[in-house]
1. From (1) among the aliphatic types (A, V, I, L, M); (2) surrounded by fewer than 20 Cβ atoms within 10 Å (Cβ to Cβ); (3) touching a Gly at 6+ places or on another chain (Cβ under 8 Å); (4) within 30 Å of C:GLU158 (Cα to Cα), pick out the condition that doesn't hold for B:LEU38.
2. Is it true that some residue in segment B:60-80 is under 19 Å from the mean Cα position of the chain (by Cα), more than 12 Å from chain D (Cβ to nearest Cβ) and within 29 Å of B:GLU183 (Cα to Cα)?
3. Give segment A:279-299 a look and list any residue that's without any contact (Cβ under 8 Å) to a residue 24 or more places away in the chain and within 14 Å of chain D (Cβ to nearest Cβ), or say none.
4. Out of (1) under 22 Å from A:PHE91 (Cβ atoms); (2) within 16 Å of ligand 4 (Cβ to nearest atom), what's the single condition that is false for D:TYR157?
5. Scan segment D:34-81 residue by residue and report those that are part of a loop (DSSP other than H, G, I, E, B) and among the acidic types (Asp, Glu).
6. Kindly indicate whether C:VAL79 is within 21 Å of C:ASP139 (Cβ to Cβ) and either within 14 Å of chain B (Cβ to nearest Cβ) or more than 16 Å from ligand 2 (Cβ to nearest atom) (or both).
7. Quick one: how many residues across segment A:1-26 are free of Cβ contacts under 8 Å to residues at least 60 places away in the same chain and either assigned to a loop (DSSP other than H, G, I, E, B) or closer than 19 Å to A:GLU156 by Cα (or both)?
8. Could you go through segment A:100-110 and let me know if any residue there is within 23 Å of the chain's Cα centre (by Cα), surrounded by fewer than 24 Cβ atoms within 10 Å (Cβ to Cβ) and at the interface with chain C (Cβ under 9 Å from one of its Cβ atoms).
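Quick note: the coordinates plus some simple rules give every number you see, no bench work behind them. If you're wondering where the values come from, they're calculated on a predicted model, not measured in any experiment. Note that each Cβ is placed from the backbone with ideal geometry, even for glycine, and that neighbours are counted across all protein chains shown.
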Amino acid sequence: MEAGGRELTFAEAMAEALRACLAADERLVVIGGGFAGLTPAARYFAPLLAEFPDRFLAPPIAELGIAGIGAGAAMAGLRPIVDLGTGSFAFEAFPAIVNEAAIAYYTSNGQTAVPVLYHLHSGIRGAGAAQHSHAPHALFWQTPGLQIMLPSAPAEVKGLLRWALLRSRNPTIFVNHYRLFAERGPVPEGDYEIPFGQARVVRPGRDVTLIACGVMVPRALAAAETLAGEGIDAEVVDPRTLVPLDLDTLLASVRKTGRVVTADETPRSCGVAGELLARVCEAVWDALKAPPRRVAIPDVSIPFAASQEEYVTPTAARLVEAARAVCR
Amino acid sequence: MEAGGRELTFAEAMAEALRACLAADERLVVIGGGFAGLTPAARYFAPLLAEFPDRFLAPPIAELGIAGIGAGAAMAGLRPIVDLGTGSFAFEAFPAIVNEAAIAYYTSNGQTAVPVLYHLHSGIRGAGAAQHSHAPHALFWQTPGLQIMLPSAPAEVKGLLRWALLRSRNPTIFVNHYRLFAERGPVPEGDYEIPFGQARVVRPGRDVTLIACGVMVPRALAAAETLAGEGIDAEVVDPRTLVPLDLDTLLASVRKTGRVVTADETPRSCGVAGELLARVCEAVWDALKAPPRRVAIPDVSIPFAASQEEYVTPTAARLVEAARAVCR
Amino acid sequence: MAEALGADVLRDLLAQMLLIRRFEERLIHLREDAGLLRGHYHVYIGQEATAVAVCRRLVPADYLFTTHRNHGHLLARGVDPAALLAEILGRATGCNGGRGGTLHPVAPALGVLHTSAIVGGALPLAAGAALAARRRGTDTVAVVFFGDGALEEGAAYEALNLAALWRLPLLLVCENNSVPPALRRAGQYPSSTHAARELADVPRALQIPAVVVDGADPRAVDAAVAPLLARARAGEGPGFVEARNSRWPGSYPLWPTLVGADFELAWAWEPERVPAALAEWSASSDPILLLARDLLAAGAATRAELLALDGAARAAIAAAERAARAAPEPPAEQALAGVFASPE
Amino acid sequence: MAEALGADVLRDLLAQMLLIRRFEERLIHLREDAGLLRGHYHVYIGQEATAVAVCRRLVPADYLFTTHRNHGHLLARGVDPAALLAEILGRATGCNGGRGGTLHPVAPALGVLHTSAIVGGALPLAAGAALAARRRGTDTVAVVFFGDGALEEGAAYEALNLAALWRLPLLLVCENNSVPPALRRAGQYPSSTHAARELADVPRALQIPAVVVDGADPRAVDAAVAPLLARARAGEGPGFVEARNSRWPGSYPLWPTLVGADFELAWAWEPERVPAALAEWSASSDPILLLARDLLAAGAATRAELLALDGAARAAIAAAERAARAAPEPPAEQALAGVFASPE
Ligand SMILES: Cc1ncc(C[n+]2csc(CCOP(=O)(O)OP(=O)(O)O)c2C)c(N)n1
Ligand SMILES: Cc1ncc(C[n+]2csc(CCOP(=O)(O)OP(=O)(O)O)c2C)c(N)n1
Ligand SMILES: [Mg+2]
Ligand SMILES: [Mg+2]
């Protein structure tokens, strides 16, 4: 997958993948499908509706109902994409996702697959306050039976989404982040897939491993720049998917550097950064030269005021602080 | 709090606390209120309904509705207890708990307290299969703004519940376990409170710390017996409440023993055992003599068949294995 | 309009109803065998007429979704009683290999893709299957059975609205098993936990055609269901049936309990032998006895013929029991396998 | 029956409506000031008559729950515009100290305990407050405002059922802002995402008295609300009003947009000056212009008197803006404080 110089925004690359997949597989239907919510990026998705009008279903405001319909339709042979909108609205859909979609394959002893994709644009978006800032991927990781993809860049979303939509036969949560839509990056022209469960070393480095998920990847790269200026050579690793998790690649990096900071934009307790930290401690304890650190949201609801919202956001600056502490 | 020789079951002690609290505070109302589901322990709760008929409201099967009503009534001055039944049904109530009850105090800048208690009987109960075995306390710990109590013994539930019902002004999840109802233990006669945020050293020991939550406490004590026979002196610590968490007591124990196993009956990834492990690693890294271990449910739905259900349960035997590995 | 059911059909339906009855009865007996039948379960006794009448109108491609009280629906759909019983006993030969138990049996070849025991949970799923069917351009329908309790859940309401808006080929069968005999046919039965005068008012408010029938009478169920299914197959949208049943006294306690004695078909003509606790229900509400008496009264069957049907049902269940008891448990370590399907 | 509203009352209501209008209009202008007004927000323009008519019937002890479109409800309830505006700008002097923003303003002294922006989320909460009120044995009610969209959510349905079953003192005000002018009063307005012929059919199916009114007419709203509130206060259970409004053209785009020009009260008598894009809506549906014209026609006010009301509203909002702009942001580190209330 060579980018050949072309740059796209995350939203454009995502729309490109969606278009190709809709064209490739008749079984794909989209329930909802704003995808980019109130962001300007919504304009990249609108043309899809015009191009595939019969593949988009406009639902009432009924997240539980449409999540269940998506799961049931997937069981019966469709490949639905259900856009649940803002991450906080996913709680409405929990019974259908957690009690139904997640259990059907296992409980049926492998007889009923549920190839549904749930899309959420989540995370601290800027003035979302308590009910428009949730990123529920830690909750979904705590739910056996769900795949979780957290693309971090334009080329990533294009390849991961294609694999999710055309290959995967399992319920998948696509945890998108409001602040990624406008990120730019090189994107290969043709179709390509990034299979789930293959972590990516985004930036090689020798001194400390930064394991960063989704929106934390660009922040980790920014942090690595700052750290480089201080003589710390950080390796940035992006798991890409939490389920399945490519633990080997993460551990190989930590074995090499001997130091680790995990970073994710979920609340600290029982969050994703903590789980990654625990996995590393269990597995490569002896290779660690310093106590591990994590960067996460402190355990508070997201406040509205700009000053306070920024304060609780796991920014590049927080990553720099943590990496410095680990390398001290 | 001296037990004075009296032994009660967990269910009896819980009912005793409920009766005393209902008598003490008129603001307590119970929505639902089977409390013990289909277990024989239901007989201890039935008399409460007879004694306080106007304090019990029999709801329709509408977990979301009653969770929201409980939250709204708490905001308006009642102290509702909402019995959501089996832990798996709590997902229905997530929007009301996570998006409303959990955020109101913080988001209102401390103007609106929400003293509601949500009760669930959860966990691997024996033949509950995928939809009657969930224990959602890790999900609630990932939700800032909720208190979580996980009583592990009769005397514990009596004191913790009294504090929750008469003192706490915050939304609290009472994560009960189906298999605790019949546990027996000494219970003091009079009224007493166990304030949240005070961990308990259940069994002192020198060689390894077992941090065990809720139903894992009796299992950890059984494991400690086995380990004692092998010359391993295990200290068992019960956090009692996850939020607030008495980390100091946990860390003091680990500092003393230098070895730790964390144990909780939630799925491994982003579960409670992993969070406790991460907290310990972050805080007392230098005191650890061996890699930490956790005991949890593997990341699968709970299977129905007895053989398979037992296999995925974090039993005393699993704790023994983990402790042995840590002490090797 | 649907033609009235003939005697042949009714005898066949009776045979199926007896199979369900004897299955559930055995289950209650198996519970006496310590450790054999683990966990809570629900029996379909008293509602058999509804399942067999509805399922008779289905074709193989149709989807069927059900609830915690699913055994009767699966048997009426043609699931092998041995596979169902083995599942309920957690055996490797069960329809889910023992992973699902009584709450989650599936039979994908018969359109039973996933069984949810979450009250109200099946309705959105069934609407989804109906959506899939419609998009394939077939005349396949999805039928979903659920209890009166399901209409207390918001999930059911959202699914009704969606099904109506999208004109999904969905038959909603609400089995209201809380109805006194005299009100089984007539309107306006208030439930203790539902504010509607009658449950069918809820789909009606969403402009879904809704019919209330005596669920103990397979002819009434058939007459209600046939036109709604025809509409759905023709792409005209969902239909709703409130099938009213009078709860079997053995389903009032928390655990199903045989009231007095094992069922006897001869009670149809020897009512004085019915145990006292069952007498009223047997006389007014037992769908098997009601149908047996009708067939006898109409001269459409002899007592001996009916007893032969029952004998066959008992033999089939006995064979299922032998097979299920002999079957092994699934290997414990297999619990960790099969969480995810391999990619396409 | 409620008495018709007198001219004094109507003038007072108009003054409140103008305050809301000018508040929302300022907000849209503040958005032009880069970085000042962060995040998405919703304005109440075009629905002012409903809030002021309902809130006039409330007493201080009553509870009020609202939605994402809450500014009008809070102002009609008497919340200080400076505190509300400061909150929307995320300032320390805001009614939540800047923590809530436009989606979550509270005013506990006025019964606004918590504001949820989750569609449908307010209904169970309001039912809970109504339950608390009833158990205290007072005649306090809870009123909950919500949009037509809320009736698509299962939460709303569950709350309706619970409120009906428990006869809670709850007034449900559904503001259906999707209605063309001609259908504001009459029945059977179908919504694109609701299958009911009219939304009020949903509460009716649950035996909740439900009235459809022109939400642009404060007299109609008052006449509908007064008896339902009286019933609720008397312990006779919930009532439902579907207040129909024709959406303000500025609320069709994703972000509120002033259509053409700032509002002018003089448009009531100089309709030719209304910008083209607003002309139709202003003539048929603007509740302020409709009421102003009525008052003038009835000789109940002079143009000068009305303009004075508007002047007062503008002055109040200008003062609020000055205060809010001058207010500091809350300290960043305070973000970590105040997650839990201290124990009793
Ligand atoms: C969401 C949810 N809440 C509660 C339960 C517990 N539960 C199991 S069966 C049942 C009663 C259901 O009544 P109904 O739907 O009328 O079915 P019936 O048992 O009468 O056939 C309840 C409350 C559940 N399974 N799911
Ligand atoms: C549970 C949930 N789903 C989706 C949204 C996003 N959302 C915000 S406002 C809105 C439209 C609501 O329509 P309506 O209730 O009619 O109110 P209106 O904006 O028309 O006044 C939606 C879908 C939300 N806030 N909550
Ligand atoms: Mg029922
Ligand atoms: Mg609306």
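1. (3)
2. Scanning segment B:60-80, I find no residue that is under 19 Å from the mean Cα position of the chain (by Cα), more than 12 Å from chain D (Cβ to nearest Cβ) and within 29 Å of B:GLU183 (Cα to Cα), so the answer is no.
3. Filtering segment A:279-299 for residues without any contact (Cβ under 8 Å) to a residue 24 or more places away in the chain gives A:281-282, A:285-286.
The answer is none; no residue qualifies.
4. (2)
5. As a first pass, look at segment D:34-81 and keep what is part of a loop (DSSP other than H, G, I, E, B): D:34-47, D:57-62, D:66-70, D:78-80.
Those that are part of a loop (DSSP other than H, G, I, E, B) and among the acidic types (Asp, Glu): D:ASP62, D:ASP80.
6. On the way: within 21 Å of C:ASP139 (Cβ to Cβ): no; either within 14 Å of chain B (Cβ to nearest Cβ) or more than 16 Å from ligand 2 (Cβ to nearest atom) (or both): yes.
So C:VAL79 does not fit the description; no.
7. Within segment A:1-26, the first condition is being free of Cβ contacts under 8 Å to residues at least 60 places away in the same chain, and the residues that meet it are A:15, A:19, A:22-23, A:26.
Remaining after also requiring either assigned to a loop (DSSP other than H, G, I, E, B) or closer than 19 Å to A:GLU156 by Cα (or both): A:15, A:19, A:22, A:26.
So the answer is 4.
8. no
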